[in-house]
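Colleague: To start, I am sharing the structure in question, which I have written as structure tokens.
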Amino acid sequence: MTKHEFFVDMTCEGCSGAVTRVLNKLGGVQFDIDLPNKKVFIESEHSVDLLLETLKKTGKNATYVGAK
């Protein structure tokens, strides 16, 4: 599986909880959230576009940083 790094404009536990919910709902992902640095690391076979679209469902600004 490829590991991808995303920037998500998270400011609190509620924000990271929203990210956790949308990624768990998507399924087929393993992820780590770095709240202080506003980063989400996702291991998945899903396309970057699908992962980014899923992260944007939180209502937060999300951008793709690159493969890790």
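Colleague: Net charge near residue 58, counting Lys/Arg +1 and Asp/Glu -1 over other residues with Cβ under 10 Å of its Cβ? Walk me through the intermediate numbers first.
Modeller: On the way: positive: 21, 56, 57, 60; negative: 9.
After counting each charged neighbour, the total is +3.
Colleague: Another question, if that's okay. Cross-link candidates for residue 56: which aspartates and glutamates have Cα within less than 16 Å, leaving aside residues fewer than 8 places away along the same chain?
Modeller: Result set, ordered by chain and number: 5, 9.
Colleague: Now for a separate question. Give me the percent of accessible area attributable to carbon and sulfur for region 27-68, probe 1.4 angstrom. Walk me through the numbers on the way to the answer.
Modeller: Numbers: 1160 of 2530 Å².
Percent of accessible area from carbon and sulfur atoms in region 27-68: 46.
Colleague: Find the relative contact order for the chain and round it to a whole percent, using C-alpha pairs within less than 8 Å whose residues are 6+ positions apart.
Modeller: Details: 110 pairs, mean separation 35.1, N = 68.
It rounds to 52 percent for the chain.
Colleague: Given (i) 1.11; (ii) 1.21; (iii) 0.95, which label gives Cα Rg over 2.2 N^0.38 Å as computed from the coordinates?
Modeller: (iii)
Colleague: Want the number for residue 41 to residue 65: 0.36 nm per residue separation, take away the alpha-carbon distance, what's left? Please list the in-between numbers first.
Modeller: Working: separation 24, 0.36 × 24 = 8.64 nm, distance 0.98 nm.
Contour length minus Cα-Cα distance gives 7.7 nm.
Colleague: Heavy-atom accessible area per residue, region 1-45, 1.4 Å probe: how many Å²? If you can, show how the numbers build up before the last one.
Modeller: On the way: 2450 Å² over 45 residues.
The answer is 54 Å² per residue.
The values are calculated or read from the model by the stated rules, or taken from the named source; none is laboratory data. Predicted model only: the values in this text are computed from it and were never measured. As a convention, Cβ positions derive from the backbone with ideal geometry for all residues, glycine included, and neighbour counts pool all protein chains shown. Heads up: the accessible areas ignore ligands, DNA and RNA and are worked out on the full protein's heavy atoms, side chains in. Shrake-Rupley method; radii C 1.70, N 1.55, O 1.52, S 1.80 Å.
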